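Colleague: If you scroll down you'll find the structure; I have some questions about it.
The values are calculated or read from the model by the stated rules, or taken from the named source; none is laboratory data. Small disclaimer: the values here were computed from a predicted structure and weren't measured. Positions of Cβ are backbone-derived with ideal geometry, glycine not excepted, and every protein chain shown enters the neighbour counts.
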Amino acid sequence: MNKYPFPLGRFEKQLDRSTHYPARFGATFFITICCEARIANQLCREDIARVLFETGRCYHDTQKWYLKILLLMPDHLHMLVGIPGNADLANLLRDFKRVTATIARIHWQRNFFDHRLRHDESEAEKFEYIRQNPVRAGLIGAEDEWPYVLLGDG
């Protein structure tokens, strides 16, 4: 018997993106974007990685975002990016997904996860959390280098 006032079972964490809140200048976001099928290695391939890294670097070079780290896992990616105050994160990521899907035929999930780092959160801790993701997933050993990572300038 369910003792909770809501149905148990699987539910998706979704934020209402119908209202856009522009980020403060210099806001840093931890972002996760997942592939539609979460069972296969879709991203950790040299040809796909090249497209994702070139697009990420292009967005950095054109100041759409300030890339700190972009790390690919077999069925999702993690990013730590700073965005300018006038940027709309939802539109920015929608465009990134559209471009990479068109070029590399990646089937992305419709939404994404984002978390804006607050003033008391450590960017270095989030960076290291992303770096250790392949180790936690058992894809590499603690001393191994993960080949599917793009580091930003700073």
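Colleague: Any idea which residue in region 91-112 is nearest to the chain's Cα centre (by Cα), counting only those that are within 12 Å of Gln42 (Cα to Cα) and either among the aliphatic types (A, V, I, L, M) or buried (at least 17 other Cβ atoms within 10 Å of the Cβ) (or both)?
Modeller: Trp108
Colleague: Hey, does region 83-105 have a residue that's on the phi > 0 side of the Ramachandran plot and free of Cβ contacts under 8 Å to residues at least 60 places away in the same chain?
Modeller: The answer is yes; a qualifying residue exists.
Colleague: I've got another one for you. Filter region 60-85 down to residues that are crowded, with 22+ Cβ neighbours inside 10 Å and either among the acidic types (Asp, Glu) or farther than 18 Å from Glu123 by Cα (or both), then give me how many there are.
Modeller: 1
Colleague: Are any residues in region 122-154 surrounded by 10 or more Cβ atoms within 10 Å (Cβ to Cβ) and more than 18 Å from the chain's Cα centre (by Cα), and if so, which ones?
Modeller: Leu139, Ile140, Asp144
Colleague: Shifting gears a bit: Take region 116-139 and flag every residue that is without any contact (Cβ under 8 Å) to a residue 60 or more places away in the chain and closer than 23 Å to Val51 by Cα.
Modeller: Hits for region 116-139 are Phe127, Gln132.
Colleague: Still on this model: Taking into account only those residues within region 44-74 that are of a type in the set (Phe, Trp, Tyr) and free of Cβ contacts under 8 Å to residues at least 60 places away in the same chain, which is farthest from Pro147 (Cα to Cα)?
Modeller: My answer is Trp65.
Colleague: Looking at Leu52, Leu15, which one is surrounded by 11 or more Cβ atoms within 10 Å (Cβ to Cβ) and at pLDDT below 85?
Modeller: Going through Leu52, Leu15 in turn, the sole match is Leu15.
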